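The values are calculated or read from the model by the stated rules, or taken from the named source; none is laboratory data. Being a predicted model, the structure only gives us computed values, none of them experimental. So basically every Cβ, Gly included, is an ideal-geometry build from the backbone, and we count neighbours across all protein chains shown.
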Amino acid sequence: MSTRAAHTSEHRSPRRTRRGSRAFIVEALVLFVFLVITLAIVSQLFFASANQAQKSLELERAITVAANAAERFSANPTSAEISEAGQDGLSVRCAITPQFTTSGTLYEATITVSNEYEDIYTLTTARYVSEVR
């Protein structure tokens, strides 16, 4: 019986190893395709995240520049020195509109910060200057 068991195990072994190796190769290929797809998705997420972080940094700088311009406007609403260019590649435009009344003037300012391609941030503020002393 031991010779018969040895004979059947030798006879079945090559088929099983062929089936097993084919199954292993198919499984490895499926796993490889899954890993490649996962890597592509994760890399796209990283690139999108880096792009969003860059936009966020630019918006933060624009808000800071606009707030500084608003402070200068608040200190002197008639000054033409509020608009500037060249700070971190950002330019500041300030449109001041005075509204005269009998007791004073209300100055409204629209401060726009932009880069060379587009407007990034717009801030609207106002300051009342009384004529009564």
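Quick look at the numbers
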read-out	value
Test: residue in the stretch 110-118 that is closer than 25 Å to GLU131 by Cα, over 30 Å from the mean Cα position of the chain (by Cα) and part of a strand (DSSP E or B)	no
Qualifying residues in the stretch 12-53 (those that are modelled with pLDDT under 95 and among the polar types (S, T, N, Q)) - the one nearest to ILE120 (Cα to Cα)	SER21
Breaking point among (1) under 15 Å from ILE120 (Cβ atoms); (2) at pLDDT 90 or above, for ALA85	(2)
Inter-residue pairs, beta-carbon under 8 Å, first closer than 17 Å to GLU60 by Cα and of a type in the set (Val, Ile, Thr) and in the stretch 83-94, second in a strand (DSSP E or B) and modelled with pLDDT of 70 or more, 6+ apart	VAL92/GLU84; VAL92/ILE111; VAL92/THR112; VAL92/VAL113
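Conditions (1) part of a strand (DSSP E or B); (2) surrounded by 14 or more Cβ atoms within 10 Å (Cβ to Cβ); (3) not charged (D, E, K, R), marked per residue:
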| residue | (1), (2), (3) |
| --- | --- |
| SER56 | no, no, yes |
| THR64 | no, yes, yes |
| ASN68 | no, yes, yes |
| CYS94 | yes, yes, yes |
| THR97 | yes, no, yes |
| THR105 | yes, yes, yes |
| TYR121 | yes, yes, yes |
| THR124 | yes, no, yes |
| TYR128 | yes, no, yes |
